[in-house]
Amino acid sequence: MSAEFPRGQRSISGILKATRLRRELNAEQRRDYLEALLDGQPDIERIERKKDREILYALKERGSLDERDRRNANHEALRALGVEPYPARFNRSDNVSAVVDVHEGRSGAELEDERPETSTAGRIVAIRSFGKANFLVLSDGKSRLQVYLREDSVSPRDFKVFRLLDVGDLVGVEGRMFRTRTDELTVWAKSLSFLAKCFEPLPEQWYDTDVEIRYRQRYLDLIVNPASRPVFETRSRVIRAIRRFLDRRDYLEVETPMMQPMPGGALARPFVTHHNALDLPLYLRVAPELYLKRLTVGGMERVYEINRNFRNEGISTRHNPEFTMLEFYEAYSDYEKLMDLTEELLGAVADEVLDGQECTYDGAVISWRRPFARLSLRGAVRGAVSKRLGRDVSEDDLRDRAKVTELARDLDVDVAPDAGPGKIAFTLFEALCEDELVQPTFVHDFPTEVSPLSKQCPGDPDTVERFELYIGGMEIANAFSELNDPAEQRRRFEAQLRARGAGDEEAHAMDEDYIRALEHGLPPTGGEGIGIDRLVMLLTDSRSIRDVILFPLLRPLAGS
């Protein structure tokens, strides 16, 4: 024969590599090879008579090829057939879901009378052949639709294309709607268009157990896992419901800097970057709070932002370094009014995405009905400590550094050596109380020591007007009556600087520009942040925050 191939290329992958890179098969050999591949029943004797040994070896070894090689072979055969594997367009009249929605309620007799035509496209999730009857199942990620294809109902070229299809390929079909003998809604194809090749086999059984691959290759998760897409559709509906709720109450949606010259608005370690042109260190924001309050100083009395925050901290089932937060501020409001508003807001979200006002999370039925429970932080700690130790503990004990330190030691709760009584009480709350708060509960009146931006409770300098909302054992919201006294704010920042000097990397920095803004007058204001990711976790019964973030941060694979 005219083509001499290197040793070892006695396989379709070898033939195709030589064909693709060296173009050594002549036109007649290409035609014979393609016809044999497409027909599925090659005339081996004819090929042997022509002494096309390379084609013979390739055809005989075709059954032993791995899946990727087989798909490459089909792709190459499509090109040899003159089919463009990646066309620029396909005129689709409806997506698969729309076709199903329109025709699902029609009987076979109705479809036979009307003979409605459609043009749709999707990903192949199944291929079946029964004699002359051939079937594809197409999916658009939401619905599935069967396609019926016969050799005598499409062009010879289209039928050869069908013989080269693999599960995962994207195709378009045109035809009429009918129902099969088993009453399956189906498109009787009169034309078939190839739209894109899937070279990798779609995962099946192993996929459900390998969650790491689900997170790393979210596109595969969305293709093969029918439970994945509804989670992210719910997430979108949650955000739309929040916007609708706030917009109707005359809140203005704004955008504040994602890169800031100084981190602020939360006690957290920031990510650091550098602006080369300005030779300026910058920080990815840990919270938008201080900028939103600057806007309130400027007269924007109701503002909100839904955007990402970044915190250079650990990763867990409840923590991702990049996460989505709603923050909103309302002049002439306070933390008590915000509790009422939060109940209304979350009730509206539940109405949007749930059937009723209940959902199940981690085996517990959670009710979103008003009113939510309310509990002071020190009251919660007092009850938990008293129960654990079997003796009565007073709230005064939690305000005394020596006594609260002894309580923490008795309970084997580690506390920072320089922590004051307020921070120790908060540490005890996190260790003993958080996981127990399954039903929606407002925990209010926090220690001043852990709340540098909150307004003090009248007559109690050790306590601030702050609450956190807990549901399913997780913090969902954090809110307070905003500190608007610039002198007191400076004192709080200075205390945070001392904590930073003692080794607290999460302590708040001094922000002179923010104090300057307060000196222009911030009206009495209530502000709140709600974690969107955790809220979606609750509403979709997702146990990991990575299940509700499309592309969560993951440790790189070795060698990548």
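A few remarks follow.
- Number of residues in the stretch 270-295 that are surrounded by fewer than 14 Cβ atoms within 10 Å (Cβ to Cβ) and in a loop (DSSP other than H, G, I, E, B) equals 4.
- Top-ranked residue of the stretch 105-114 - restricted to ones that are outside any helix (DSSP H, G or I) and exposed (fewer than 13 other Cβ atoms within 10 Å of the Cβ), ranked as farthest from the chain's Cα centre (by Cα): SER107
- Among the numbered conditions (1) out of contact with any Gly (no Cβ under 8 Å at 6 or more places or on another chain); (2) polar (S, T, N, Q); (3) surrounded by 15 or more Cβ atoms within 10 Å (Cβ to Cβ), the only one that THR448 does not meet is (1).
Residue-by-condition table, conditions (1) among the polar types (S, T, N, Q); (2) in contact with a helix residue (DSSP H, G or I) (Cβ under 6 Å, 6 or more places away or on another chain); (3) under 20 Å from ASP435 (Cβ atoms):
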| position | (1), (2), (3) |
| --- | --- |
| GLN357 | yes, yes, no |
| THR360 | yes, no, yes |
| ALA364 | no, no, yes |
| SER367 | yes, no, yes |
| PRO371 | no, no, no |
| SER376 | yes, no, yes |
| GLY379 | no, no, yes |
| ARG391 | no, no, no |
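- Tally, over the stretch 124-143, of residues that are within 21 Å of GLU200 (Cα to Cα) and either in contact (Cβ under 8 Å) with a residue 60 or more places away in the chain or assigned to a strand (DSSP E or B) (or both): 10
- Pair list, Cβ under 6 Å, 6 or more apart: the stretch 400-413 residue of a type in the set (D, E, K, R), other residue part of a helix (DSSP H, G or I) and crowded, with 16+ Cβ neighbours inside 10 Å: ARG401/PRO421; LYS403/ASP397
Conditions (1) in contact (Cβ under 8 Å) with a residue 40 or more places away in the chain; (2) not aromatic (Phe, Trp, Tyr), marked per residue:
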{"residue": "VAL231", "(1), (2)": "yes, yes"}
{"residue": "ARG237", "(1), (2)": "yes, yes"}
{"residue": "ASP247", "(1), (2)": "no, yes"}
{"residue": "GLU255", "(1), (2)": "yes, yes"}
{"residue": "MET258", "(1), (2)": "yes, yes"}
{"residue": "ALA266", "(1), (2)": "yes, yes"}
{"residue": "ARG269", "(1), (2)": "yes, yes"}
{"residue": "ASN276", "(1), (2)": "no, yes"}
{"residue": "TYR283", "(1), (2)": "no, no"}
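- The residue that is farthest from the chain's Cα centre (by Cα), among those in the stretch 189-207 that are among the aromatic types (Phe, Trp, Tyr) and surrounded by fewer than 19 Cβ atoms within 10 Å (Cβ to Cβ), is PHE199.
- Those residues of the stretch 256-266 which are surrounded by fewer than 19 Cβ atoms within 10 Å (Cβ to Cβ) and under 20 Å from GLN489 (Cα atoms), in sequence order: PRO261, MET262
- Criterion: at pLDDT 95 or above, of a type in the set (Asp, Glu) and assigned to a helix (DSSP H, G or I) - qualifying residue of ASP397, ASP412: ASP397
- Extreme residue, farthest from LEU550 (Cα to Cα), among residues of the stretch 231-248 that are loosely packed, with under 14 Cβ neighbours inside 10 Å and more than 11 Å from the chain's Cα centre (by Cα): ARG248
- When ALA227 is tested against (1) more than 30 Å from LEU170 (Cβ to Cβ); (2) modelled with pLDDT under 95; (3) surrounded by fewer than 16 Cβ atoms within 10 Å (Cβ to Cβ), exactly one condition is not met: (1).
- Scanning the stretch 86-104 finds no residues that are over 33 Å from the mean Cα position of the chain (by Cα) and surrounded by fewer than 17 Cβ atoms within 10 Å (Cβ to Cβ).
- Flag for GLY298 being surrounded by 14 or more Cβ atoms within 10 Å (Cβ to Cβ) and of a type in the set (Gly, Ala, Ser): no
- For the stretch 297-367, the strands (runs of 3 or more DSSP E) that sit wholly inside it and include 1 or more residues that are among the aliphatic types (A, V, I, L, M), more than 20 Å from the chain's Cα centre (by Cα) and on the phi < 0 side of the Ramachandran plot are 302-310, 322-331, 364-367.
- Any hit, the stretch 490-499, residues being within 34 Å of the chain's Cα centre (by Cα) and not hydroxyl-bearing (Ser, Thr, Tyr): no
- In this entry, ASP418 is excluded by the filter for residues that are out of contact with any helix residue (DSSP H, G or I) (no Cβ under 6 Å at 6 or more places or on another chain), among the acidic types (Asp, Glu) and part of a helix (DSSP H, G or I).
- Residue selected from the stretch 424-440 under the condition closer than 19 Å to THR463 by Cα and either touching a strand residue (DSSP E or B) at 6+ places or on another chain (Cβ under 7 Å) or β-branched (Val, Ile, Thr) (or both), by the criterion surrounded by the most Cβ atoms within 10 Å (Cβ to Cβ): ALA425
- Those residues of the stretch 438-455 which are within 15 Å of THR342 (Cβ to Cβ), of a type outside the set (A, V, I, L, M, F, W, C) and part of a strand (DSSP E or B), in sequence order: THR441, HIS444
- Considering residues of the stretch 405-462 that are among the basic types (Lys, Arg) and out of contact with any Lys or Arg (no Cβ under 9 Å at 6 or more places or on another chain) only, the residue farthest from ALA266 (Cα to Cα): ARG409
- Within the stretch 144-179, the set of residues being of a type outside the set (A, V, I, L, M) and without any contact (Cβ under 8 Å) to a residue 40 or more places away in the chain comprises ARG150, GLU151, ASP152, SER153, SER155, PRO156, ASP158, PHE159, PHE162.
- Residue identified as at pLDDT below 95 and either touching a Lys or Arg at 6+ places or on another chain (Cβ under 9 Å) or farther than 28 Å from ASN484 by Cα (or both) among GLU313, GLU330: GLU313
- Checked against the criteria, PHE372 counts as among the aromatic types (Phe, Trp, Tyr) and in contact with a Ser or Thr (Cβ under 9 Å, 6 or more places away or on another chain).
- Sole residue being within 23 Å of VAL365 (Cα to Cα), in contact (Cβ under 8 Å) with a residue 12 or more places away in the chain and over 23 Å from the mean Cα position of the chain (by Cα), chosen from GLU468, GLU519, GLU475, GLU482: GLU468
The values are calculated or read from the model by the stated rules, or taken from the named source; none is laboratory data. Every value quoted in this text rests on a predicted model; they were computed, and no experiment measured them. Reconstructed Cβ throughout: ideal geometry from the backbone, glycine too, with neighbour counts over all protein chains shown.
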